[in-house]
Amino acid sequence: MATRDYVKRGKAPRKKNTRRQPTKTRAGFPFKWALLAVVLVGAFAYGLYWLSKTDAPTPPSPPVSHTQPATQSQVESLPKKPKEKWSYIEELEDKEVEVKAKALPQSARPYLMQCGAYRSQGQANERKAIIAFQGLESQIKVSPGEKGTWYRVVLGPYPRKRQAEKDRNMLRRAGVEPCAIWYWE
């Protein structure tokens with residue numbers, strides 16, 4: 001069998017594309033849109049010109065008796081300023097309003113925030129260290145149960161729930177989740 005030299009053969013001739021390419025139609029200048037734009041701009045300019053030429057309506061002049069010629073001061077005089085009907089402006093100037101705010105009910109029970117419960121003390125210590133890096137002090141509480149011992153990482157006590165929520169949001173931004181807020185037991 002003879003060896004064939006495929007390198008010297010060269011490339012195979014390209015096949016002609018039998019698909020028909022859509023012909024591009026050359027769009028001409030849009031005369032009708034240009035004419036419409038010119039007409040609209042012209043109409044707008046004419047409207048502005050017409051509005052500037054028309055005078056504003058003049059107020060009616062006071063009645064003039066036919067026996068006496070009107071003087072310049074009578075024509076230009078303005079009517080008297082009407083007297084105010086309301087007297088609340090003077091009445092409320094020196095008035096003071098007393099408001100009695102209701103005291104918000106304070107809970108006598110303090111709050112705690114739990115940021116994890118773990119089976120091993122090592123995991124609880126890791127969570128406590130992460131919380132310590134955020135500037136908060138936490139404790140590990142050992143809770144014996146029916147299914148074994150749990151190590152809970154808790155923060156607190158907090159006198160108000162708002163303070164506990166503030167610390168929870170700070171820990172959430174640091175990636176320490178989930179933290180639950182409960183009453184201190």
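The values are calculated or read from the model by the stated rules, or taken from the named source; none is laboratory data. Model, not experiment: these values are computed from the prediction. Neighbour counts are summed over all protein chains in view; Cβ atoms, including those assigned to glycine, are modelled from backbone coordinates with ideal geometry.
Here are some notes:
- Lone unmet requirement of (1) modelled with pLDDT of 80 or more; (2) of a type outside the set (Gly, Ala, Ser); (3) assigned to a helix (DSSP H, G or I) for residue 89: (1)
- Test: residue in the stretch 135-155 that is within 33 Å of the chain's Cα centre (by Cα) and either part of a strand (DSSP E or B) or surrounded by 12 or more Cβ atoms within 10 Å (Cβ to Cβ) (or both): yes
- Every residue from the stretch 25-50 that is at pLDDT 85 or above and either closer than 29 Å to residue 79 by Cα or of a type outside the set (A, V, I, L, M, F, W, C) (or both): 30, 32, 42, 46, 47, 49
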